[in-house]
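For reference, the structure is listed below as structure tokens.
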Amino acid sequence: MDCFTNHVNGIFWGRTLSSINCICCKYPNRISCDEFDVKKNSNSKYYKKHPATKTFQAIRIFINNEIQELHAGLNQAFNLLRANGKICVVTFHSIEDRLVKNFTNKVCLRNKKTKLIKPSSKEILSNPRSRSAKLRVIKRERLNFNYIPISELGFELW
């Protein structure tokens, strides 16, 4: 259940986890989408997206080990990059973006912000899935590079 609290920024996770825990205790061998109803019942606000979206996002991030893979990829790619070379990173949710932003702050010499590129309104209308995408460009300014542990980027291994 830690995957929910570590991978999702939400305010109703206590109630959701309690509801899921009750279902897991009642039906320990049953794997289904009962959790959809749990999520709907545990939230008191109306959301534009389906209430279970963030729950399944958290499960996907946890199962696919996405945060650790992104962290490893950033370190490896930056290590291979030549001086003044650039890496473009596209993120699709706030957790990924926070990791990339913190990585950028660690590797950039100057305390300048990297340019964040978001899709235009026109792009979002023609491609609704692009609404959450963010593009960051990271430039390698110094020759020496040391591996940056995930804990220095504000994340814990779980």
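The values are calculated or read from the model by the stated rules, or taken from the named source; none is laboratory data. Keep in mind the model is a prediction, meaning the values are calculated, not measured. Cβ atoms come from the backbone with ideal geometry, glycine included; neighbour counts cover every protein chain shown.
All conditions but one from (1) among the hydroxyl-bearing types (Ser, Thr, Tyr); (2) touching a residue at least 12 places away in the same chain (Cβ under 8 Å); (3) exposed (fewer than 13 other Cβ atoms within 10 Å of the Cβ) apply to SER151; the one that does not is (2).
Looking across segment 68-101, the residues that are in a helix (DSSP H, G or I), modelled with pLDDT of 90 or more and either of a type outside the set (A, V, I, L, M) or not assigned by TED's automatic domain parsing to the domain that holds SER132 (or both) come down to GLN68, GLU69, HIS71, GLY73, ASN75, GLN76, PHE78, ASN79, GLU96, ASP97, ARG98, LYS101.
Looking only at segment 75-89, filter to residues that are surrounded by 13 or more Cβ atoms within 10 Å (Cβ to Cβ) and in contact (Cβ under 8 Å) with a residue 40 or more places away in the chain; which one of those is nearest to LEU116 (Cα to Cα)?
From segment 75-89, those surrounded by 13 or more Cβ atoms within 10 Å (Cβ to Cβ) are 75, 77-78, 81, 85, 87, 89; that's our starting set.
Add one more test, that the residue is in contact (Cβ under 8 Å) with a residue 40 or more places away in the chain, and what stays is 75, 78, 81, 85, 87, 89.
Working: ASN75: 20, PHE78: 18, LEU81: 20, GLY85: 17, ILE87: 13, VAL89: 10 Å.
Among those that are surrounded by 13 or more Cβ atoms within 10 Å (Cβ to Cβ) and in contact (Cβ under 8 Å) with a residue 40 or more places away in the chain, it is VAL89.
In summary, GLN57 fulfils each of the numbered conditions (1) assigned to a helix (DSSP H, G or I); (2) modelled with pLDDT of 90 or more with the single exception of condition (2).
Can we say GLU156 is surrounded by fewer than 14 Cβ atoms within 10 Å (Cβ to Cβ), touching a residue at least 24 places away in the same chain (Cβ under 8 Å) and either out of contact with any Asp or Glu (no Cβ under 8 Å at 6 or more places or on another chain) or not assigned by TED's automatic domain parsing to the domain that holds PHE56 (or both)? Outline the logic, then answer.
Numbers: surrounded by fewer than 14 Cβ atoms within 10 Å (Cβ to Cβ): yes; touching a residue at least 24 places away in the same chain (Cβ under 8 Å): yes; either out of contact with any Asp or Glu (no Cβ under 8 Å at 6 or more places or on another chain) or not assigned by TED's automatic domain parsing to the domain that holds PHE56 (or both): yes.
Yes.
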